[in-house]
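Inspection log for the structure reproduced underneath, given as structure tokens.
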Amino acid sequence: MEVKLSLFGFGNVGRAVARVLLEKETFFKERYSLSFKVVSIADTSGTVWLPEGIDLREALTVKETFGKLSAWTNDYEVYNFTPKEAVQEIDADIVIDVTNDKNAYEWHLTALRDGKAVVTSNKPPLAFHYAELMEEADKRSLPYLFEATVMAGTPIITLLRHGLRGDTVERIEAVLNATTTFILSEMEKGLDFDDALKKAQKLGIAERDPSGDILGIDAGYKATILHCLAFEPITFDMASVKGIVEVTPGEIERAKAKGKTIRLVATVEEGRVVVEPKEIPKNSPLAVESHENAAVIKTDLLGELVIKGAGAGLKETASGVVSDIVTAALMMR
């Protein structure tokens, strides 16, 4: 079965997805009888569209050499579509959004109304419009999949969506942002907040504008999505969010003296989402290091279930996105 893909976003994650599609082409054919054809790729410079399929190796070379797809003028025409226009114009089976477009929910809805499945790693559409998006997808019996929005490729979304059908979730506690974990770990080694942040930026762990991470917004988006899955749809506005900017070296030292560590913890209960720095025991599953994320899901039947794994990284995020692409294709057979 041939599946036509339309890819929005060709930064680090988009290119990582393209590489997986290339490298595992034979695996997808042998394991699932699926053949993926990328018919369009969009970055901020324009949209490359070829109905017979784009050469992904060439696309990667152009982007990595020139920094933008619009430089690719020899064999391909570059269109100046808005995302909504591209969704409407381009014939695809699955629309893949790995952008940071906060208004992407508008063209996600357009795709669904046009009979196209949607796979996304983009958090704001779900953190603000979950109910609307899921209602549209359900109404049209189309896949709307978003594994990579929380914990990268670690399958917490699939677990909550499909794995606990007989359980009532009572509470989720989770560490969902690797940047803050790195900064707090560096502060434990003696750096102050500003120096720890600068180190994170130098290593590429923190963005040039780190506010989404250090103010707790990223973790708040993710916790909101978990609430929508575990309980009922809410929006990010209903979450109480406090980041790590006010954590002092003194607080770090006091926690250490008690055999504890400070992490940015999201607590999700019915009707309540709180993100805040918390002291946790060193032997807690939430006392993660490096780029790991962890969640403790408490249910009435299972008790406490711990899910832990990479919460960041290009290959890890691509794992979540590509897994959703395969699932969407199989659901549309």
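The values are calculated or read from the model by the stated rules, or taken from the named source; none is laboratory data. These numbers were taken from a predicted model, which means no experiment stands behind them. Counting neighbours? That spans all protein chains shown, and the Cβs are built from the backbone with ideal geometry, glycine included. Side chains included, ligands, DNA and RNA excluded: accessible areas come from the protein's heavy atoms. Shrake-Rupley method; radii C 1.70, N 1.55, O 1.52, S 1.80 Å.
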Going through the stretch 1-18 in order, the residues found to be closer than 12 Å to VAL38 by Cα and outside any helix (DSSP H, G or I) are GLU2, VAL3, LYS4, LEU5, SER6, LEU7, PHE8
Could you please give the count of residues in the stretch 209-232 that are open to solvent by 10 Å² or more (accessible area, probe 1.4 Å) and hydroxyl-bearing (Ser, Thr, Tyr)? 2
Going through the stretch 142-192 one residue at a time, which ones are part of a helix (DSSP H, G or I), over 25 Å from ALA92 (Cβ atoms), among the acidic types (Asp, Glu) and in contact (Cβ under 8 Å) with a residue 60 or more places away in the chain? GLU188
Of the conditions (1) closer than 20 Å to LEU314 by Cα; (2) touching a helix residue (DSSP H, G or I) at 6+ places or on another chain (Cβ under 7 Å), the single one that TYR130 does not satisfy is (1)
May I ask you to verify whether GLU316 is outside any strand (DSSP E or B), open to solvent by 70 Å² or more (accessible area, probe 1.4 Å) and among the acidic types (Asp, Glu)? no
Pick from ILE234, ILE252: which is of a type outside the set (Ser, Thr, Tyr) and outside any loop (DSSP other than H, G, I, E, B)? ILE252
Can you go through LYS202, LYS242 and tell me which one is surrounded by fewer than 22 Cβ atoms within 10 Å (Cβ to Cβ) and at pLDDT below 95? LYS202
Residues within the stretch 299-312 that are in a strand (DSSP E or B) and buried (at least 16 other Cβ atoms within 10 Å of the Cβ), tallied: 6
Subset of the stretch 273-304 (residues that are touching a helix residue (DSSP H, G or I) at 6+ places or on another chain (Cβ under 8 Å) and either farther than 26 Å from ALA206 by Cα or without any contact (Cβ under 8 Å) to a residue 12 or more places away in the chain (or both)): ILE297
If you take the residues in the stretch 163-181 that are farther than 30 Å from ALA206 by Cα and among the β-branched types (Val, Ile, Thr), which one is surrounded by the fewest Cβ atoms within 10 Å (Cβ to Cβ)? THR168
Those residues of the stretch 263-294 which are open to solvent by 10 Å² or more (accessible area, probe 1.4 Å) and β-branched (Val, Ile, Thr), in sequence order: VAL274, ILE280
